Amino acid sequence: MSSGSVVTAGLFLTAMLTAVLSGCVRDSDREGRAVSTVVLAAPEISYMLPDWSDADFLLFLPLATRDPEGELVPRLAKSWDPSADWREVTYHLRTDVRWHDGVPVTAHDVKFTLDLLAHPDLAEYAFDSVAVVDDSTVLIHNHNHWYVDDVVFYPRHLLDDLEPGTFFAWDFWNKPVGNGPYRFVRYVPETLMELASNPDHYSGEPPIRKVIVRFLGSDDAGMTELLAGNVDAAESRNLVARDALARDPRFNSYVRFGGAFAVLFVNHNRPLFADARVRKAMVLALDRPELGRAIGLPGHLPLVDAVFTLDQLVRQDLPRAFEHDPEQSRRLLEEAGWSDLDGDGIRERDGLVAKFTIRAPPWWERTMVLIERDLAEVGLDPDVLLADGAVNLEHYRQGDFDVAVGFFTPYRLDLLSSPTSTSGYGNEHYKALVRQAEATPSPAIRDSLIYEAWPIMIEDVPAIFLHPMATQFYVHERIRGLSTPWRADPARYMDELWIEE
C-alpha cells in the first residue's frame, strides 16, 4: 500500500475519532425535499482506532450505549444475560441489522472483531475468550465489561483476510462499510468525508440525513469556524475561544464526564510526604473548584477523595470530598512538626525544608500556577517541572519523583494498588481491597469492596484528587437531543439528534 493511502487512512480515522459537530445546513435531495445536513469539523492529525473518541459510532454499532441517566441500553445487542458470578455474559444480538452492503451482521462479526483487537499486533483490548453460540448469540468471558459500550464491530466477510499488523493502513478505512446509522458516501483526501443516513437502520432512519466530516487542519480551526457562524458545534479545547463561546447566546454547552480525575501522586518515601497529615493538608490547601473553573469546567461536576466504580458514578453514589480550608491545612502542618522557623514563608522540620518538585505535562501550565499559589500560601514550596508525559511516566516508574500528575478512571480501580506502583504507599488492607475489586466481575461485590476502601483513603490520603477531566462541547441551539454528562458527544448520538430551526 502506498504512503498516500496510509495518510488517507490516518486522516479519515482522525476525523472519525476526533470529530466535533459543526455547520448545520439545509440541503435537497433529487426530488427537491429538504435534507438536514450536519458538518463535523476535524483536525488533520492521524490518531489510532479504535478508542480515541466516539465518532466511529456514526458508522458502526457497539453492543450497548448509555441513556441520559447513564444506564446501559441495547444497541447491536438486544439483551444480555450475565452468569451468576458475572464472569461470562451471553449477548443476544438483533437479527435485523445488516452491513451497509446488505450482508447480515452475526455473532461471527462480534467474535472476529474482539479477536482482532486482542491480536498481538494490535493489543488494543484483551478478552479471556469469545465463543459463538449461534448466529445471533455470543458468549464473552471477561470480567471487565467496559467494552460493552466502548467497542464497535467490523465486518468479518470484508476484513478476515487482511493482516492485523497493517490494521491502521487498511484501505477499508478510506471507504468503510459499517452497520450503524450512517453510510459512507465519498471521501475527498484531506478535505472531507461524507456520510448519509441509513434508511435500514434498526431503529429507523436518523432525522439528520447527511453528515460531513470536514478537515480543518487543527482543533482551534473548528472553534474559530464555530464562532464565525460557519459551523454549528465544536469540541472545546482552546480556553480563550471557550470563554468567548460561553458568552455567545447562540450555543449550548454540554459536558462529557466519564469519571476520570486528575490526580497528584505523592512519593510516600520522601520525608515530607510520609505523614498523612501533610498529604491531607495539601488537599485542604487547594481550591479545587477554582482549578476546575480555570480550565472551563462547570461547577456541578463532582469532587472526590477516593476511588469509585463506574456503577457508583452512574448512581451518583460517590465518596465525600474535603472542603477548601487553608487554616485547617496550616494547623495540620504545624501538628506534623512543619513550621516556618526563620520567617521566610517556607516551613522546615529537623533541618529539612518543605521544598519539592511537581512533574506535570506542558499543557498543565495554567493549572500548575494555581497549585503553586495555593500550596505556597500554607508554607509549602513546590517547583513545577513541565515535561513530556512519557518522560514523567518513566520517572514515576523508577520512583524518581516527589509529586507527579496522573489520572484515575473508574474503568481501572488500581490507583495505587499495583505491585509496580512506586508511590511507596504501604496500607496493605487498602491495596488488597482494591485488587479484589479490580479482579471481581460482580458489580455488587466490587462496589462493596470500594465502600470498605473509602474510609481508609479518607484517613490516609494516599494520593490527591484534583478535579474532574471532562470534554466540553458547544452546540448551536438548533441542534437538540444532547445532555450532560452521558449524552454530550454529538458524534456518538447523531442518529438520536434533531434540528429545530
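Scanning segment 174-195 for residues that are surrounded by fewer than 20 Cβ atoms within 10 Å (Cβ to Cβ) and either within 21 Å of LEU76 (Cα to Cα) or touching a His at 6+ places or on another chain (Cβ under 9 Å) (or both) returns VAL177, PHE184.
Considering GLY379, GLY337, which residue is modelled with pLDDT of 95 or more, under 26 Å from THR422 (Cα atoms) and more than 22 Å from the chain's Cα centre (by Cα)? GLY337 is the lone residue from the list that is modelled with pLDDT of 95 or more, under 26 Å from THR422 (Cα atoms) and more than 22 Å from the chain's Cα centre (by Cα). Every test in (1) open to solvent by less than 50 Å² (accessible area, probe 1.4 Å); (2) among the hydroxyl-bearing types (Ser, Thr, Tyr); (3) in a helix (DSSP H, G or I) is passed by SER448 save one, and that test is (1).
Considering only residues in segment 112-141 that are open to solvent by 10 Å² or more (accessible area, probe 1.4 Å) and polar (S, T, N, Q), the one that is nearest to LEU310 (Cα to Cα) turns out to be SER129.
Restricting segment 277-330 to residues that are in a helix (DSSP H, G or I) and without any contact (Cβ under 8 Å) to a residue 24 or more places away in the chain, the residue that is farthest from GLU452 (Cα to Cα) is ARG293.
Mind checking whether some residue in segment 405-414 is among the basic types (Lys, Arg), surrounded by fewer than 19 Cβ atoms within 10 Å (Cβ to Cβ) and out of contact with any Lys or Arg (no Cβ under 8 Å at 6 or more places or on another chain)? Scanning segment 405-414 turns up at least one residue that is among the basic types (Lys, Arg), surrounded by fewer than 19 Cβ atoms within 10 Å (Cβ to Cβ) and out of contact with any Lys or Arg (no Cβ under 8 Å at 6 or more places or on another chain).
This table checks each residue for (1) in contact with a Leu (Cβ under 7 Å, 6 or more places away or on another chain); (2) of a type outside the set (Asp, Glu); (3) assigned to a loop (DSSP other than H, G, I, E, B).
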| position | (1), (2), (3) |
| --- | --- |
| ILE346 | no, yes, yes |
| PHE356 | yes, yes, no |
| LEU375 | no, yes, no |
| ASN392 | no, yes, no |
| GLY399 | no, yes, yes |
| VAL405 | yes, yes, no |
| ASP414 | no, no, yes |
| SER423 | yes, yes, yes |
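In segment 352-364 there is at least one residue matching the filter, namely being in contact (Cβ under 8 Å) with a residue 40 or more places away in the chain, of a type outside the set (Phe, Trp, Tyr) and open to solvent by 60 Å² or more (accessible area, probe 1.4 Å). When each of ASP96, ASP101 is tested for being within 29 Å of SER483 (Cα to Cα) and open to solvent by 50 Å² or more (accessible area, probe 1.4 Å), the lone residue that passes is ASP96. Only a single item in (1) at pLDDT below 90; (2) closer than 25 Å to ARG183 by Cα; (3) surrounded by 14 or more Cβ atoms within 10 Å (Cβ to Cβ); (4) out of contact with any Pro (no Cβ under 7 Å at 6 or more places or on another chain) is not met by ASP56, and it is number (4). Residues considered: GLU71, GLU88. Of these, the only one that is in contact with a helix residue (DSSP H, G or I) (Cβ under 7 Å, 6 or more places away or on another chain) and open to solvent by 30 Å² or more (accessible area, probe 1.4 Å) is GLU71.
The values are calculated or read from the model by the stated rules, or taken from the named source; none is laboratory data. What you see is a predicted model, and the numbers here were worked out from it, not measured in a lab. Cβ: placed from backbone, ideal geometry, glycine included. Neighbour counts: every protein chain shown. Accessible surface areas use protein heavy atoms only, side chains included; no ligands, DNA or RNA. Shrake-Rupley method; radii C 1.70, N 1.55, O 1.52, S 1.80 Å.
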